[in-house]
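The values are calculated or read from the model by the stated rules, or taken from the named source; none is laboratory data. In this text, all values refer to a predicted model and were calculated from it rather than measured experimentally. Using ideal geometry, Cβ is built from the backbone for each residue, glycine included, and neighbour counts are taken over all protein chains shown. Accessible surface areas use protein heavy atoms only, side chains included; no ligands, DNA or RNA. Shrake-Rupley method; radii C 1.70, N 1.55, O 1.52, S 1.80 Å.
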Amino acid sequence: MRKIAFTSLAALGAMALPAAAQAQSNDTPEVETYVGATAGIHDLGIGLPNDDGGIYGIVAGVDVPVGDTFFVGAEGNYNIGDGAIDSEYGIAARAGVRVGDSAKLFVRGGFQEVDFDLGNFVTPAVVGLDDTDGDYLVGAGVEFGVGDGPIKLRAGIDTIAFDSTRATVGVLYAF
C-alpha cells in the first residue's frame with residue numbers, strides 16, 4: 001500500500017511541476033543586457049594645468065528587475081583618453097528605478113583603475129614610475145529609450161574616491 005501511495009504522489013508531483021514552472025515563467029521579469037559607446041571628460045581635480053582629459057569608450061552590462069519598478073545590475077567599462085588619461089577600466093554594481101516605459105534612474109558603486117599620462121604633469125618623464133591608480137567609484141545616472149526600439153541615451157556623473165569627477169554621455173543598445 002505504501003508503494004502505491006508513494007507512486008501516486010510522485011505521479012501527481014510530476015504532473016504539477018510543469019504547471020508550476022509555466023506559471024513562474026509567465027511572471028518572471030525580463031533581464032536586460034546592453035552594450036554601448038560613451039564619451040566624456042575626466043577631471044582629476046589635482047589643481048595642475050591640464051589635469052583633465054576626454055575619455056572615449058565602451059560599456060556593457062546587465063539589469064535584473066526586482067519587482068515592477070526597481071532593478072539591480074552590474075556593468076563594466078573601458079575607456080581610452082587624451083590629456084591626463086591614457087586609459088581606464090572598471091566594474092560597478094547598479095541599483096535604480098524605472099520611470100515610465102523606457103527611462104531609468106540609477107546609482108552605482110564599484111572600482112575604477114586609471115592609467116595616467118604623466119607627461120602632462122612630470123617633465124621629463126620618470127622611467128619606472130607607476131602611472132596607474134585605482135579606487136572605489138560612486139555615481140549616478142539616467143537612461144532614456146529612443147522610441148520603442150532598443151536604442152537608449154545615457155548620461156552619468158561619477159567620482160573616484162571623491163578625488164576626481166567623470167561626466168559621460170552615451171548611446172546603448174539593449175537586448
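Here are a few things to note about the model shown:
- Qualifying residues in the range 139-167 (those that are of a type in the set (Asp, Glu) and out of contact with any Asp or Glu (no Cβ under 9 Å at 6 or more places or on another chain)) - the one nearest to Glu32 (Cα to Cα): Glu143
- When Gly73 is tested against (1) in a strand (DSSP E or B); (2) more than 20 Å from Val138 (Cβ to Cβ), exactly one condition is not met: (2).
- Any hit, the range 97-105, residues being in contact (Cβ under 8 Å) with a residue 12 or more places away in the chain, under 13 Å from Val59 (Cβ atoms) and of a type outside the set (Lys, Arg): no
- Hey, Asp52 at pLDDT below 95, out of contact with any strand residue (DSSP E or B) (no Cβ under 7 Å at 6 or more places or on another chain) and of a type outside the set (Val, Ile, Thr) or not: no
- Within the range 34-47, the set of residues being assigned to a strand (DSSP E or B) and open to solvent by 50 Å² or more (accessible area, probe 1.4 Å) comprises Val35, Ala37, Ile41, Asp43.
- Candidates in the range 128-171 are the residues that are under 25 Å from Gly47 (Cα atoms) and of a type in the set (Gly, Ala, Ser); of these, the one that is farthest from the chain's Cα centre (by Cα) is Gly128.
Per-residue answers, yes or no, for (1) of a type in the set (Lys, Arg); (2) over 14 Å from Gly170 (Cβ atoms); (3) open to solvent by 80 Å² or more (accessible area, probe 1.4 Å):
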| site | (1), (2), (3) |
| --- | --- |
| Tyr56 | no, no, yes |
| Ala74 | no, yes, no |
| Tyr78 | no, no, yes |
| Ile91 | no, yes, yes |
| Ser102 | no, yes, no |
| Val114 | no, yes, no |
| Leu118 | no, yes, no |
| Phe144 | no, no, yes |
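- Annotation note: of Phe106, Phe70, Phe111, the sole residue that is under 18 Å from the mean Cα position of the chain (by Cα), over 26 Å from Pro150 (Cα atoms) and modelled with pLDDT of 95 or more is Phe111.
- Filter result for Gly83 (open to solvent by 50 Å² or more (accessible area, probe 1.4 Å) and at positive phi): no
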